1. Can you sort Arg314, Arg28, Arg207 so the residue with the fewest Cβ neighbours within 10 Å comes first?
2. Treating only the Cβ atoms of Lys and Arg (+1) and Asp and Glu (-1) as charged, compute the dipole magnitude of segment 2-234 about its Cα centre; round to the nearest 20 debye.
3. Quote the relative contact order of the chain in percent (integer), defining contacts as alpha-carbon pairs under 8 Å separated by 6+ residues.
4. Would you mind giving the three semi-axes, in whole Å and largest first, of the ellipsoid equivalent to segment 2-234 according to its Cα gyration tensor?
5. If we sort 73-82, 257-266 on the protection proxy, mean other Cβ atoms within 10 Å, highest first, what's the order?
6. When only Cα pairs under 8 Å and 6 or more residues apart are kept, what is the percent relative contact order across segment 160-213?
7. Using amide H atoms built in the peptide plane, which far-off residues or other-chain residues are under 5 Å from Ile376 H to H?
8. Springs between alpha-carbon pairs under 10 angstrom, Gaussian network model over the chain: which of Gln285, Gln235, Gln125 fluctuates most?
Amino acid sequence: MSLKLANAYKLNKNYQESIQTYKALDKRELTNWQLVSLYEGLGDVYLLTKDFNTSIDNYKQGLTVAQNHLIKPKETDLNSKIAQAYSAKGDADKAKGFFYKSLNLANSENKKRAVSEKLKVADFQNDISDYSEEIQLRKEALNTISEIEADSVFENESPLTPQKQNYKIGNAYASQGDVGNAISYLEKSIVEAESKSDLIVKKDATRRLSEVYQTAEDYEKSLKAFQDYVDLVDQVYAKKEQQISQAARFSKELSNKQNRITSLESDRELSESKYQLSTEQTKRQKLIIYSLIGGLALLLLAAFLMFKYIKQQRLANNLLALKSLRSQMNPHFIFNALNSVNSFIASNDERTANKYLTDFSLLMRAVLENSEQDFIPLEKEIKLLELYTKLEHFRFKDKFDYTIKVDKNINVNDFVIPPMLLQPYIENAVWHGLRYKKQKEI
C-alpha cells in the first residue's frame, strides 16, 4: 500500500513526499519484487528532480537485486532507465552501453517488448545524431511492427505505429541530407497516417516534407505540402476544439452526475438517519411498553399480595376476636348461668328465673357488641362488670356481698379500655377464692 502511495505522490509531482514515503518503508518486510520496485521508484523521482547521480545509484541497487533473484523484466527496465539517466546527464558512452544491454535483454523476452526497447535506443541515437544507426534500428522495428500489428491494436499515440516510424525514418534521412529517401518515407508516413486517421503524424510529416522539398529547391511541391500542412493544422485545431467541447460537455455531465450522486448520498444518509431515529424511537417505545407491562405486573403482584395479606389479616383478626370472645366469656360461666336458670324454673321460681335470664341476656348482648371494638369507654366496662358480678352474686349469695365504687375524681367518660379487661379478675376472685369460703365475705 505504501509503494502505491509513494507512486501516487510521484504521479502528482509531490516528489519530496514520494521520496519520504519510499524511504519510510521497511525493506526487510518487502518481497524481492517490491524491493526492486522501491529502488526503481526512487530512481524515477530523482531523475525527475534532475538528481542524476542519486537516480543512477538507486537504479543500480534495484538492478543488483533483480539480477540476484533472476527478475528478468526488471533487469530490462532498469538497464533502460540507467541508460536514460546517463543520457540526461550527458554521458552518451555509458548510456549507449546500458541501452544495448537492455536491448539484448528485451530480445529474449517478446517481440513487442523488443521493438519498444529498440525504439528507445533509436531515439537515443537521434539525440546523439547517429542517424545511420537510428535508421537501421527503426527499419528493424518497422518490420517487427508489421509482424505483430495483426495480433495487436496500437493507438495512434503509441510509438509502435508504422506511420510514426516512417515519419522518423524520413526525418533521419532528411537530417543526413538524403532527400530521396526522406521524401519516400515521409510520403509513406502521410499515406499510412491518412489510412489510420492520424492527423498529428500526418501534419508533422507534411510539414517536414515541405521542408525537404524546399531543401531540394522544388518550391512548387514545397508550397503545396505547406498548404496541406496549414489545412491539417486547421483540422487539428478543429479536432482539438471538438475534443475540448466534448471534454467540457463530458465534464458537465460528470459534474451533474456527481451532483446527483452527492444528492443521492445525502438522501441516503438522511434516510439512514431517519431509519436510525425511527429504530431508536421504536426501541424507546418498546422499552416504555415493557416498563409499563413490568410496572403493571408488579402492581398486580403487589395488589395480589396486599389482598392476600388483608385476607390473612382479617382471618387473624377474626380468630383473635373469637379468641378474645372466648376469653371474655368463660364457657363454665355460661354453662353454670344456664343451669341456674334451669334450677329456678324447676323450683317454679319463674320471676327469679326471668330476672336472671334478662340480666344474662343483657350481659351476652353487651359482650357480643363490644367484641367488635378494640376499646370501649370505662363507663361501659363498669356496667358490664356490674352485670357480671350481679349474676355471680345470684348464684353465690351465701358466699359474698359486693359493692362497686368509682373514685369521684375519675371521669369515666374520658377513659377507654379493652372490653372485659376487668372481668377476668372478678371471675378469678369468685371462682378460685370466694366460692370456697365458709363465711360470707365482702
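Where a number appears in this text, it was derived from the coordinates with a stated rule and is not lab data. Quick caveat, the model's predicted, so the values are computed rather than measured. Heads up, the Cβs are rebuilt from the backbone with ideal geometry, glycines too, and the neighbour counts pull from every protein chain shown.
1. Fewest-to-most ranking of Arg314, Arg28, Arg207: Arg28, Arg314, Arg207.
2. 920
3. Relative CO of the chain lands at 6 percent.
4. Those come to 39, 18, 17 Å.
5. 73-82, 257-266
6. 37
7. Amide H neighbours of Ile376: Ile417.
8. The residue that fluctuates most here is Gln285.
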